[in-house]
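The values are calculated or read from the model by the stated rules, or taken from the named source; none is laboratory data. Owing to the predicted nature of the structure, the values given are computational and were not obtained by experimental measurement. FYI the Cβ positions are ideal-geometry reconstructions off the backbone, even for glycines, and counts take in every protein chain you see.
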Amino acid sequence: MEARAIQRTVRQSARKMRLVVDLIRGRAVPEAYAILRFSKKLAAKQIHKVLKSAVANAQQAAQRQNESLDVDRLRVQYAVVNEGPTLKRFTMAAMGRGTPIKKRTSHIEIRVAAPVAAPKPPSPPSGVAAPAAKAAAKAKPRAGAKAPARKRTKAAKRSKKASK
């Protein structure tokens, strides 16, 4: 089960918001809630809202499909902050000039998903070595064999010339 939530034109720069989003990417949802709750950054409040919305969307999708969903098992699979439109304003400066002010905005997208258990490959019968293990045993180098020579870089060649 995967669900996403997007909030557009948040009145904070994407650069500041990415600092907080990087903290929760790949984490379990309860852990991400705790990180956002105790973060001192102002961006954490907006990101918390988006994460809460994504979890609610996952619950709604599970309910629509008549499936059970444990919110504590959800993980933040994808979290990204992109730049939104910039509001351009001007303020007064010396000698009748105007200085530009850029009021940056950002778009937040968060996807949550429950981990899917991958099926295990069948194991070979006991007593029979796997073909990959046999190939690895044959590929071992002999005791008296030399290691392959490394290529010299341009810097190494220059230092050799300089030492002469």
Residue list for region 73-101, filter: surrounded by 10 or more Cβ atoms within 10 Å (Cβ to Cβ) and either assigned to a helix (DSSP H, G or I) or more than 27 Å from the chain's Cα centre (by Cα) (or both): ARG73, LEU87, ARG89, PHE90, ALA93, GLY98, THR99, ILE101
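Residues checked against (1) modelled with pLDDT of 95 or more; (2) in contact with a helix residue (DSSP H, G or I) (Cβ under 8 Å, 6 or more places away or on another chain):
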residue: PRO85; (1), (2): yes, no
residue: ARG89; (1), (2): yes, no
residue: ILE101; (1), (2): yes, no
residue: ILE110; (1), (2): yes, yes
residue: GLY127; (1), (2): no, no
residue: ALA156; (1), (2): no, no
residue: ALA162; (1), (2): no, no
Taking region 1-56 and keeping residues farther than 17 Å from TYR78 by Cβ, without any contact (Cβ under 8 Å) to a residue 60 or more places away in the chain and not in a helix (DSSP H, G or I) leaves PHE38, SER39, LYS40, LYS41, LEU42
